[in-house]
Amino acid sequence: MTGETDHKLRGDYSRMRPDYTVDQEWERYSEAEHELWRCLYVRQSSLVADHACDDFTAALEALDFSAGIPRFDRVNEKLARATDFQLVAVPGLIPDLVF
């Protein structure tokens, strides 16, 4: 297994680091993109109570992503303390094994 996928990768890989991550560049998101996020977040979060466990629901409420596209650096302060995981930005599709 090489870790590559069967499909073509899609995205802008020009700023990618060797581990496939890129800077989030949160400040570049437009108000329209934040509004789209808010709309989708409300729609999807309305499904959580019926389909997710209590721990997931509590974690989602604690992270509170409702205001707009989350800043990964701020989310990671909470997430890393609780789980040792972090969110990272990637340029598009990445190989399955890397994911």
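The values are calculated or read from the model by the stated rules, or taken from the named source; none is laboratory data. Being a predicted model, the structure only gives us computed values, none of them experimental. Don't worry about glycine lacking a Cβ; one is built from the backbone with ideal geometry, like all the others, and counts go over all protein chains shown. SASA here: full protein model, heavy atoms, side chains in, ligands and nucleic acids out. Shrake-Rupley method; radii C 1.70, N 1.55, O 1.52, S 1.80 Å.
If a residue must be in contact (Cβ under 8 Å) with a residue 40 or more places away in the chain, over 10 Å from A89 (Cβ atoms) and open to solvent by 80 Å² or more (accessible area, probe 1.4 Å), how many such residues does the range 19-36 contain?
The qualifying residues number 1.
Output the qualifying pairs, or none if there are none: Cβ atoms under 9 angstrom, residues six or more apart or on different chains, first residue in the range 80-93 and over 16 Å from P70 (Cβ atoms), second residue open to solvent by 80 Å² or more (accessible area, probe 1.4 Å) and among the small types (G, A, S).
P91/S14
Mind checking which residues of the range 58-76 are surrounded by 12 or more Cβ atoms within 10 Å (Cβ to Cβ), at pLDDT below 90 and either within 24 Å of F99 (Cα to Cα) or within 14 Å of the chain's Cα centre (by Cα) (or both)?
Within the range 58-76, A59, L60, L63 qualify.
Scan (1) among the aliphatic types (A, V, I, L, M); (2) open to solvent by less than 60 Å² (accessible area, probe 1.4 Å); (3) at pLDDT 95 or above for the single condition L40 breaks and write down its number.
Single failed check for L40: (2).
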